[in-house]
Amino acid sequence: MEVLDITREHCPMTFVKTKLRLSKMKRGERVEILLCEGEPLDNVPKSVTEQGDKVIGIAHLKSGIHSVVIEKC
């Protein structure tokens, strides 16, 4: 599974970069997104779901950093 680190990005670039990565993936493939808590953690999973893809899981990794695993649908 590929990892996309967007911890240094700010909204709306967090979702833009996530969407670009998903556009290059095939159905059923997964990507792990590393992002910061707050607005990115609130918005990226919500936007991905609204777009029709699936959030497999969200995990807290370390201070302020989270992992979101997304499956391309």
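The numbers here are math on the coordinates, done by the rules we state, and not lab data. Keep in mind that what you see is a predicted model, and the values were worked out from it rather than measured. Virtual Cβ from ideal backbone geometry, glycine too; neighbours counted across all protein chains shown.
Would you mind ranking LEU20, LEU41 by Cβ crowding within 10 Å, fewest neighbours first?
Numbers: LEU20 10, LEU41 19.
By the 10 Å Cβ count, ascending, the order reads LEU20, LEU41.
Averaged over all directions, how much area does the convex hull of the C-alpha atoms of the chain cover when projected, in nm²?
Values: hull surface 16.5 nm².
The Cα convex hull of the chain, projected and averaged over all directions, gives 4.1 nm².
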Please give the helix 13-23 orientation as an angle from the longest Cα principal axis of the chain, in degrees from 0 to 90, rounded to the nearest 10. 20 degrees
For the chain, built as a Gaussian network whose Cα springs stay under 10 Å, the top-fluctuating residue of LEU22, LEU35, LEU61: LEU61
